[in-house]
Amino acid sequence: GLGIGAIRPGDAVIVSGTIGDHAIAVLSRREGLGLSVSVRSDSAPLYGLLRRVLTVSKKVRFMRDPTRGGLATTLCEAVAGRPFGMTVDEKKIPVSAGTRAACELLGLEALYCACEGRAVIIAAAEDAARIVRVMRQDPLGRRAAVIGTVTAGGAGKVALRTAAGA
């Protein structure tokens, strides 16, 4: 079944689309920031998208929405106290231009910004390409991407390979 206990080293970490859009859209509207780049909330029902994912793979181990605490918190919760870790590649994480610009301007980190219409999926690596392909056929998953791997080492920790290669 699905759950943290099903996750295995070697599994792929997948996100269904750009991260942080909801938090930035709400913040911009609430605070009247008047950003030059428009950011729309990603709030959306995921049932149809996730149902299609589950029809093309029987090796989905874990699914969660990264609402509270964003992507980073969701990934940290998935490995906390577990005998495995995770490595995520910053260059592969989809972030819209507007959200990136707003985060830079406001000193925020998109990895911790709420997402209301996104899913984090951990699945067997051999099914990752198929899962991403089916997600990209849906408007809610058109920016889906494999962003990392569950590792045997680094128990309970998420490592981020930065865009600079560190």
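Shown in residue order for segment 91-96 are the 3J(HN,Hα) couplings computed by the Karplus curve 6.51 cos²θ - 1.76 cosθ + 1.60 at θ = phi - 60°: 5, 8, 7, x, 9, 5 Hz (x for Gly and Pro). Leaving out ligands, DNA and RNA, and with a 1.4 Å probe, what % of the accessible surface on the chain is carbon or sulfur? Solvent-exposed carbon and sulfur of the chain make up 52 percent of the total.
Spin-label pair Ala80-Gln137: with each label point 7 Å from Cα along the Cα-Cβ axis, the two points sit 3.7 nm from one another.
For the peptides 18-28, 140-150, 43-53, residues were scored by their other Cβ atoms within 10 Å and the scores averaged per peptide; the highest-first order is 18-28, 140-150, 43-53.
Lys59 sits with roughly 80 Å² accessible to a 1.4 Å probe, with DNA, RNA and ligands left out of the calculation. These residues, Met63, Met135, go from largest to smallest accessible area, 1.4 Å probe, as Met63, Met135. Surface analysis of the chain yields an accessible area of 51 Å² per residue, using protein heavy atoms and a 1.4 Å probe.
The values are calculated or read from the model by the stated rules, or taken from the named source; none is laboratory data. As the structure is a prediction and not an experimental result, all values here were calculated from the model. Positions of Cβ are generated from backbone atoms using ideal geometry, with glycine treated the same way; all protein chains shown enter the neighbour counts. The area values use the complete protein model at the heavy-atom level, side chains included, leaving out ligands, DNA and RNA. Shrake-Rupley method; radii C 1.70, N 1.55, O 1.52, S 1.80 Å.
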